[in-house]
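My questions will all concern the structure given below.
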Amino acid sequence: MLCEMDDQRLGTALRQVRIRRGLRQSDVALMARVSQSTISRIERGHFGALSIDTVRRVAAALDVRIDMVPRWRAGDLDRLLNARHSRLHELVARRFREVPGWVMRPEVSFAVYRERGVVDILAYHAGRRMLLVIELKTDIADVNELVGTVDRKRRLAVRIAGGLGWSVDSGTRVATWVIVADGATNRRRIAAHRSMLRAAFPSDGRVMAGWLRDPINPVQALSIWSDSHPRTAGADLRSVRRVVVRRGAPSYACRAPNMVRGGATGAPPGERRVRG
């Protein structure tokens with residue numbers, strides 16, 4: 001059972017777990033790479049100037065996960081986050097109206113064995129027998145959790161689609177697409193975990209523009225979309241090499257391609273774009 005915790009209650013909980021595991025404060029301090037006095041302060045609920053990272057390290061040493069719950073003006077924060085999530089839903093719906101052959105269903109809840117959750121958008125292309133699991137993220141809090149969640153929904157997608165009455169079977173293939181709301185924080189997190197995300201989602205928005213029109217093979221993709229129109233995240237997931245422009249060539253402002261218009265545009269005269 002989950003319950004709300006203040007500093008004092010959190011400190012007491014960590015202390016009880018430490019005692020239950022037969023550990024001394026000095027043992028936990030060594031495991032978390034902090035001082036014993038820091039452990040004592042945490043257990044007494046005196047977090048003061050301690051960083052969130054320090055508290056998380058101490059909790060992790062005890063196999064305790066700390067989930068932070070932001071609160072703002074009663075339910076206004078939930079409505080704010082849901083509004084942005086809804087805008088992403090609407091953008092995706094508009095995109096699918098431009099490509100034939102797809103049916104889509106938003107907010108598909110599932111309960112397969114002990115696996116429960118919600119697929120933000122589930123789409124199906126009967127002609128290619130291709131399912132597409134779309135995960136919408138207004139904020140990337142935990143990259144490992146994101147990769148694991150998408151993989152879990154990919155594995156369950158055929159069963160979930162069968163529950164909707166779609167004509168799927170063991171031969172139906174599954175693709176995944178993570179769409180992240182644009183923002184400085186999300187871009188920093190994507191850049192910080194570029195290698196991991198690139199391995200999990202090797203394709204980006206440039207690939208998806210053409211793939212949606214003819215989904216021959218499954219893909220795993222990640223894109224960054226703004227609230228007003230989508231744009232590719234390729235620059236965040238690919239390594240970038242310096243581009244040498246010929247002397248005397250005119251300069252142009254580089255703009256990210258607009259996916260709604262069908263993918264990347266060509267480079268202007270005198271400029272050669274190189275991707276790593």
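What ³J(HN,Hα) values, in whole Hz, does the Karplus curve 6.51 cos²θ - 1.76 cosθ + 1.60 give for region 50-56 when θ = phi - 60°, with x put for Gly and Pro?
5, 7, 4, 4, 5, 4, 5
State, as an integer percentage, the relative contact order of region 76-237 based on alpha-carbon contacts under 8 Å between residues 6 or more apart.
Result for region 76-237 is 21 percent.
Shifting gears a bit: Let's test the formula: R0 of 22 Å, r as the Cβ-Cβ distance of S226 and A111. What FRET efficiency results, to the nearest 0.05?
0.05
Still on this structure, I have one more. Quick check on packing: order 146-158, 100-112 by the mean number of other C-beta atoms within 10 Å, highest mean leading.
146-158, 100-112
Report the gain in length on full extension from R155 to S170: 0.36 nm times residue separation, minus Cα-Cα distance, nm rounded to one decimal.
Fully extending the segment from R155 to S170 adds 4.3 nm.
If you don't mind, another one. Can you give the alpha-carbon Rg of region 25-73 over 2.2 N^0.38 Å, where N counts its residues?
1.19
Taking 7 Å along the Cα-to-C-beta vector as the label spot, tell me the H46-D27 distance in nanometres, rounded to one decimal.
If labels sit at H46 and D27, their model points lie 2.4 nm apart.
Let me ask something additional. Hey, can you rank 6-15, 35-44, 60-69 by average C-beta count inside 10 Å, highest first?
35-44, 6-15, 60-69
Classify region 76-237 from the C-alpha gyration tensor, please: rounded if a/c falls under 1.5, else prolate or oblate depending on whether a/b exceeds b/c.
rounded
Hey, quick one: spin label on V143, modelled 7 Å out along Cα-Cβ, who in region 201-225 has an amide N within reach, i.e. under 13 Å?
201, by backbone N distance to the label point.
The numbers here are math on the coordinates, done by the rules we state, and not lab data. Quantities reported herein were computed from a predicted structural model and do not represent experimental measurements. Every residue, glycine among them, receives a Cβ derived from its backbone with ideal geometry; neighbour counts consider all protein chains shown.
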